[in-house]
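Structure, as structure tokens:
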Amino acid sequence: MSPPAFWRHPQARLWPALLAPCAWGVAAFTRRRMRRAGWRAPVPVLCCGNMTVGGTGKTTVVIDLVQRLNARGRKPHVLTRGYGGHVADGTRVDPTCHTARQVGDEPLMLARYCPVWVGGDRALTARHAVKAGADCLIMDDGFQNPSLVKTFSLLVVDGAVGVGNGHVLPAGPLRERVEDALARADALLVIGADQTQVAQHFGALPVVWAELEQVDVPHKIREQPCVAFAGIGRPEKFFNGLRAAGAHLVDTLSYSDHYMYGPQDMLNLAVRASRQGAQLVTTPKDAMRLPASFRQNVVEVGVRLVWQDPQVPEHILDVFLAHNS
């Protein structure tokens with residue numbers, strides 16, 4: 001399902017006003033929930049979270065930080081909910097036997113870089129990870145989950161979307177009030193141009209900046225027509241990135257975030273591409289939800305995080321790792 005249009009517009013009045021009582025209830029519930037005591041792990045815990053529903057680029061940030069930790073000789077493990085999966089809490093992702101339907105698409109993608117544990121109970125997954133040898137933990141989402149004490153919390157915001165209309169669910173896209181989130185955050189990462197001037201509303205919280213850059217763009221998608229498809233938070237970001245990289249897009253198809261492609265969807269994609277003599281192109285996250293037999297006919301184009309100041313992520317990791325030094 002797509003988010004309602006009024007979530008994106010601060011000037012919207014009617015629906016936010018009608019839904020205000022529900023929004024107050026959600027904000028109060030989250031505030032009360034976050035007062036619960038969590039388990040304090042014997043290793044540092046860095047949370048990459050956000051204040052809104054929908055994709056902001058958190059997983060790309062996690063991959064970047066994991067790669068930096070690997071380069072330092074550390075042993076990071078990632079904790080994630082495993083959206084849409086149905087395995088037991090505390091399951092370690094095994095890409096050789098698990099599917100996206102079992103553990104979620106993002107965990108499968110993250111498992112390319114380090115051990116990954118899925119489950120809503122972050123304290124349980126953290127215990128499993130520490131027992132398995134993790135010397136630091138990275139949470140992909142979970143900023144509103146109180147079960148595990150965070151050493152450092154990095155709030156990730158999509159500069160093109162910001163905080164939407166500024167209202168809490170269901171009146172807007174916020175998971176909690178901005179002021180409540182700021183009280184627990186250590187820094188704000190804005191990805192892309194700050195089109196909504198969101199950084200101006202975060203007071204004394206340190207703000208850092210980064211961009212997403214398309215990587216591994218093969219020449220053939222610049223030389224022949226392409227049909228691009230994506231089931232992510234904001235598919236248009238992917239399509240615009242492909243165009244900026246020189247891809248010749250003749251058709252685009254958007255699906256809801258974490259969309260599970262069925263036989264009819266894949267037939268439709270194949271027919272569209274065939275009719276236009278085009279190459280199918282998608283994201284690595286979407287590729288995790290495709291069977292191998294279909295994936296071999298699809299080009300994956302991923303993104304990487306480019307920090308405005310290359311020293312910033314290293315400084316964040318220095319502060320994070322100093323917790324248990």
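The values are calculated or read from the model by the stated rules, or taken from the named source; none is laboratory data. What you see is a predicted model; the values in this text were computed from it and never measured. When we count neighbours, we look across all protein chains shown, and the Cβ atoms used for this are built from the backbone with ideal geometry, even at glycine. With ligands, DNA and RNA removed, areas are computed over all heavy atoms of the protein, side chains included. Shrake-Rupley method; radii C 1.70, N 1.55, O 1.52, S 1.80 Å.
The table for this structure:
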{"read-out": "Strands (runs of 3 or more DSSP E) within region 226-325 that include 2 or more residues within 30 Å of residue 74 (Cα to Cα) and at pLDDT below 95", "value": "302-307"}
{"read-out": "Index of the failed condition, residue 101 passing every other in (1) at pLDDT 95 or above; (2) under 18 Å from the mean Cα position of the chain (by Cα)", "value": "(1)"}
{"read-out": "Lone unmet requirement of (1) assigned to a helix (DSSP H, G or I); (2) buried (at least 16 other Cβ atoms within 10 Å of the Cβ); (3) at pLDDT below 95 for residue 217", "value": "(1)"}
{"read-out": "Search result, residues across region 138-178 that are over 30 Å from residue 13 (Cβ atoms), open to solvent by less than 10 Å² (accessible area, probe 1.4 Å) and more than 18 Å from the chain's Cα centre (by Cα)", "value": "148"}
{"read-out": "Where residue 273 falls short, out of the listed (1) surrounded by fewer than 19 Cβ atoms within 10 Å (Cβ to Cβ); (2) over 25 Å from residue 97 (Cα atoms)", "value": "(1)"}
{"read-out": "Residue 318 vs. criteria closer than 30 Å to residue 136 by Cα, of a type in the set (D, E, K, R) and either surrounded by fewer than 18 Cβ atoms within 10 Å (Cβ to Cβ) or without any contact (Cβ under 8 Å) to a residue 24 or more places away in the chain (or both)", "value": "yes"}
{"read-out": "Residue in region 92-106 that is under 20 Å from residue 151 (Cα atoms) and touching a helix residue (DSSP H, G or I) at 6+ places or on another chain (Cβ under 8 Å) present", "value": "no"}
{"read-out": "Which numbered condition residue 107 misses (of (1) assigned to a loop (DSSP other than H, G, I, E, B); (2) in contact (Cβ under 8 Å) with a residue 12 or more places away in the chain)", "value": "(1)"}
{"read-out": "Enumeration of residues in region 278-314 that are open to solvent by 50 Å² or more (accessible area, probe 1.4 Å), farther than 24 Å from residue 96 by Cα and out of contact with any Asp or Glu (no Cβ under 6 Å at 6 or more places or on another chain)", "value": "308, 309, 310, 311, 314"}
{"read-out": "Test: residue 58 is under 13 Å from the mean Cα position of the chain (by Cα) and among the basic types (Lys, Arg)", "value": "yes"}
{"read-out": "Flag for residue 68 being open to solvent by 30 Å² or more (accessible area, probe 1.4 Å), of a type in the set (D, E, K, R) and either in a loop (DSSP other than H, G, I, E, B) or closer than 26 Å to residue 164 by Cβ (or both)", "value": "no"}
{"read-out": "Single residue of 37, 20 found to be among the aliphatic types (A, V, I, L, M), in contact with a His (Cβ under 9 Å, 6 or more places away or on another chain) and more than 30 Å from residue 109 (Cβ to Cβ)", "value": "20"}
{"read-out": "Filter result for residue 73 (open to solvent by 10 Å² or more (accessible area, probe 1.4 Å) and without any contact (Cβ under 8 Å) to a residue 24 or more places away in the chain)", "value": "yes"}
{"read-out": "Given (1) touching a strand residue (DSSP E or B) at 6+ places or on another chain (Cβ under 6 Å); (2) among the basic types (Lys, Arg); (3) over 22 Å from residue 246 (Cα atoms), number of the condition residue 289 does not satisfy", "value": "(1)"}
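Yes or no, residue by residue, for (1) in contact (Cβ under 8 Å) with a residue 40 or more places away in the chain; (2) farther than 12 Å from residue 47 by Cβ; (3) of a type in the set (A, V, I, L, M, F, W, C):
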{"site": "140", "(1), (2), (3)": "yes, no, no"}
{"site": "143", "(1), (2), (3)": "yes, no, yes"}
{"site": "146", "(1), (2), (3)": "yes, no, no"}
{"site": "168", "(1), (2), (3)": "yes, yes, yes"}
{"site": "173", "(1), (2), (3)": "yes, yes, no"}
{"site": "177", "(1), (2), (3)": "yes, yes, no"}
{"site": "188", "(1), (2), (3)": "no, yes, yes"}
{"site": "195", "(1), (2), (3)": "no, yes, no"}
{"site": "201", "(1), (2), (3)": "no, yes, no"}
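So that you can scan it fast, the table gives a plain yes or no per residue for (1) assigned to a helix (DSSP H, G or I); (2) open to solvent by less than 40 Å² (accessible area, probe 1.4 Å); (3) in contact (Cβ under 8 Å) with a residue 40 or more places away in the chain:
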| position | (1), (2), (3) |
| --- | --- |
| 85 | no, yes, no |
| 89 | no, no, no |
| 98 | no, yes, no |
| 101 | yes, no, yes |
| 113 | no, no, yes |
| 117 | no, yes, yes |
| 126 | yes, yes, yes |
| 133 | no, yes, yes |
